[in-house]
1. Quick one: which helices (runs of 4 or more DSSP H) sit completely within segment A:465-556 and have at least 3 residues that are of a type in the set (Lys, Arg)?
2. Working carefully through the options A:342, A:323, A:333, find the one that is under 30 Å from residue A:221 (Cβ atoms), part of a helix (DSSP H, G or I) and out of contact with any strand residue (DSSP E or B) (no Cβ under 6 Å at 6 or more places or on another chain).
3. If I filter segment A:184-203 for residues that are closer than 20 Å to residue A:263 by Cβ, touching an Asp or Glu at 6+ places or on another chain (Cβ under 7 Å) and of a type in the set (Asp, Glu), do I get at least one hit?
4. Of all residues in segment A:350-379, which are within 14 Å of chain B (Cβ to nearest Cβ) and among the polar types (S, T, N, Q)?
5. Looking at this structure, is residue A:110 farther than 26 Å from residue A:262 by Cβ, within 45 Å of the chain's Cα centre (by Cα) and in a helix (DSSP H, G or I)?
6. Check whether at least one residue in segment A:357-377 is β-branched (Val, Ile, Thr) and over 22 Å from residue B:51 (Cα atoms), and report yes or no.
7. Just one of (1) out of contact with any helix residue (DSSP H, G or I) (no Cβ under 6 Å at 6 or more places or on another chain); (2) outside any helix (DSSP H, G or I); (3) within 14 Å of chain B (Cβ to nearest Cβ) trips up residue A:382, so point out which.
8. Filter segment B:63-74 down to the residues that are surrounded by fewer than 18 Cβ atoms within 10 Å (Cβ to Cβ) and over 30 Å from residue A:171 (Cβ atoms), then identify the one that is nearest to the other protein chains (Cβ to nearest Cβ).
Amino acid sequence: MDLSINPFSSGTRLRDMIRAIRASKTASEERAVVRRECAAIRAAISEGDQDYRHRNMAKLMFIHMLGYPTHFGQMECLKLIAAAGFPEKRIGYLGLMLLLDERQEVLMLVTNSLKQDLNHSNQFIVGLALCALGNICSAEMARDLAPEVERLLLSRDPNTKKKAALCSIRIVRKVPDLAENFMGSAAENIKEKHHGVLISVVQLCTELCKASKEALEYLRKHCVEGLVRILRDVTNSSYAPEYDIAGITDPFLHIRVLRLMRTLGQGDADCSEYVNDILAQVATKTESNKNAGNAILYECVETIMSIEATSGLRVLAINILGRFLSNRDNNIRYVALNMLMRAMAVDTQAVQRHRATILECVKDADVSIRKRALELVYLLINDTNVKPLTKELVDYLEVSDEDFKEDLTAKICSIVEKFSEDKLWYLDQMFKVLSLAGNFVKDDVWHALIVLISNASELQGYSVRSLYKALQAYGAQESLVRVAVWCIGEYGEMVVNNINMLDVEEPVTVTESDAVDAVELALKRYSVDVTTRAMCLVALLKLSSRFPPTSERIQEIVVQNKGNTVLELQQRSIEFNSIIQRHQSIKSSLLERMPVLDEASYLMKRAASSQATVSLTKSATTATPAGSLKIPNGVVKPPAAPLPDLLDLNSDDVPVTTSATTTAPDNFLQDLLGIDLTNSSTAGGAPSATTDILMDLLSIGSFPVQNGPPTTSNFITPGQAVTKHAPATPQVMDLLDGLPSSTPLPDENTAYPSITAFQSATLKITFSFKKQPGKPQETTMHVSFTNLTSVALTDFMFQAAVPKFIQLRLDPASSSILPASGNGSVTQSLSVTNNQHGQKPLAMRIRISYKVNGEDRLEQGQISNFPAGL
Amino acid sequence: MINFVLLISRQGKVRLTKWYSPYTQKERTKVIRELSGLILTRGPKLCNFVEWRGYKVVYRRYASLYFCMCIDADDNELEVLEIIHHFVEILDRYFGSVCELDLIFNFHKCPWPNFQAYYVLDEILIAGELQESSKKNVARLIAAQDSLVEAAKEEASSISNIIAQATK
């Protein structure tokens, strides 16, 4: 007998393959076996081999299950499906469902075979087609084949009918518009007796209600009665061995009917009233000693909570939950917690009664239960119980699993922030959390803490002292170190001198060098990251100004880091060293306390960014249907540090032009920015680089400080002065030495002579100046343009740019046409604010564009002959 | 709705997968890896539910096999436990003892790769929803289809016998 003719009797080669795969010692060996097999299957496919098609399919499915690509076998499935016999079709459909999913184009090719099989005379072949369609159909297929499925829904065979009903669910999920086509036959089938049909049809009805309002209304009218009857029949039925589970007849049917009742009763008083009695009966009569009974009770409670149930029924439901919660079975407790969350919306008080039990569940050994309970506690917290509950949670933080700390920390932080009106309490809780789980505190949380401390001047002393103490004990908690180091840098003297003592506090004895020790220790810890170290360096720099006696020691520490392999730290150390060493004159103003951080703008920004994250998450969820993997895994990254704020400084350099000329070409911008470059011989300080360095000086990688409006001149401007010329090498720093540290202030009322700022063959520009008394930095300039040629200049436009430390406002020109031969002139006024008045002279670059006889002309120049003292 | 069904051995070997929501091959591999890590490490007394990416995975262990079903957040977890048990009982009835189940899925010991488990599942779930609550009915339907296959097999072999005899 030739075995090869019969696809069923061979199989040895398949066994060989499996044996070879199992015998593989290494992954690469296994891959080799699979590769060899796949090559053989490919060859068989391309030869159009019929006899082994069946067996190859089986192999492919096995290979697929191991996770190897099998797309080349997809067409084989289609061929098997198109074959006439049941065995071929059976394995073909199985392969189709296993190897393909709805997103593959190949699937469309099967539509025709499916249509034929749906009309087949053999009920099992119809069943195979329905099953495949129900499991993997796409929207297009759903549309194409819906009429067939609709017809089968009225079939006489109950097995076909139930499959058609489930298949319709898939179709309606893919194409909700089709819902109304199915509602008539769905309602009709509620009268069936066959449990399989009932289960399927009831599920179909639930799906139809979700898909279409019209279907919901229709089914409310036509099937509530039928549902009550079904439920009454199954609850009252005598022992039915076929459907019996733990003494209950068909709990699956129970649950599905209850679910549909929930959908129908939601927001519909009549319907709710109609099902009231039967729900009460289910809730009271169902045995709760087995899982099946509890599953029914769980569903029943949920239905009662969702519909317009009577208060008596609700009490009954809440009681069932109370019983669940005290159950010793973890599964039951889990669902009870789950359900109590939903019950919060209905009856908060009833849930509050179980607070103690719920709090115990937060400490459960099972992470699923802990998570649920924590969510619930979070919902339960209100003004009256926030303090004791937070205390419980914080206490638990100390002993909880490492895995759970992240969730727990996030929730505690969120609670504490929500109730942060009592600032002292907020600070205390935050310090505890930072000490116990500082490594799990998200950036935005400790940023917010710093903003709050910065705003609460009466609590700064207390904060810095508490943090100093915490730092001694919990130096390994990253975010604690950051906050503590920042506070010590800013408010160091408050630790040493016990300033702003609160009544509850014990005075501490900390010397100046102790404070430096603490920061140094943090800097030198083996494990800390770059941001923390950078913050330590800034804190040290600040302390060198707060505590002059320690300055030398601090310089030593800073110098040690000059050779650091991390560029960021190395650069900082070099810059800081230079500040300590050579720029005593500006040091104290440079290192003044940070201006108070703007709480409102920080909160707004944070809300906006978290909202953005939320909406992102949301859109990801909605855009991809259930089951897709696009949902972020719960880790919401804090927003990137809002650098743009500081970068905005850069915009000072953008040429200020009249409204008509705002679209200056980029290269022109660069030209104007060239002012900076010409000043610096190294030419390394491109504008963007200077901004970076500026940021460094202000302090710090990712830091909330950047949120604060950087407007306080005594802090920012020296920084800028440094950064303008400081691309990292000390040599360049020397340029600073050339700064006129004190220019004699001019008399405010001095009149400044007019100047001829620019003159060319065609054009003369004169500037006259005026100053407001009491505002030495501000100058109003009147610019007048004179045409020296005999031709009128049209489209006349004047643009100006100034270095960063100057602010410029340009008003519109009096005209855009400059008459010929000096017959009249165009005037324009500018106002200029020199933020470094008395230190640096004004400088300006200008560009003038115009047309002569319709031809574009461009002139530019630099004005450096401004009178001294502007 | 059940998004997928997974059967994993205690060693993390996949015995059966069935996807009712679209997942690419890459995602499938990732899901299996993630869930094996989550579920196989859980202690015996803990609850049978794991929260995962906004879904819930209900699992139950039989001998050395873990049956896992991933459901939406608002589905009834307790009922899914019953569905798993329902499936297991039907398999049990079909194959013999539950304790030997892992052997059934162990292709090595099996003469023919056992797609029967898939056929059984297809009689219990369609579109991620329950199809039949009667074990008897499922068994009857599977048996009827198996006998159709048997009949085709016999027919094929009798034809080959006839051919063999005729060409002797």
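The values are calculated or read from the model by the stated rules, or taken from the named source; none is laboratory data. It should be emphasised that the depicted structure is a prediction, and the values quoted were computed from it without experimental measurement. Positions of Cβ are backbone-derived with ideal geometry, glycine not excepted, and every protein chain shown enters the neighbour counts.
1. Those helices (runs of 4 or more DSSP H) span A:530-546.
2. Going through A:342, A:323, A:333 in turn, the sole match is A:342.
3. no
4. Passing the criteria: only A:368.
5. Values: farther than 26 Å from residue A:262 by Cβ: yes; within 45 Å of the chain's Cα centre (by Cα): yes; in a helix (DSSP H, G or I): yes.
Answer is yes for this residue.
6. no
7. With (1) out of contact with any helix residue (DSSP H, G or I) (no Cβ under 6 Å at 6 or more places or on another chain); (2) outside any helix (DSSP H, G or I); (3) within 14 Å of chain B (Cβ to nearest Cβ) applied to residue A:382, the lone miss is (3).
8. The qualifying residue nearest to the other protein chains (Cβ to nearest Cβ) is B:64.
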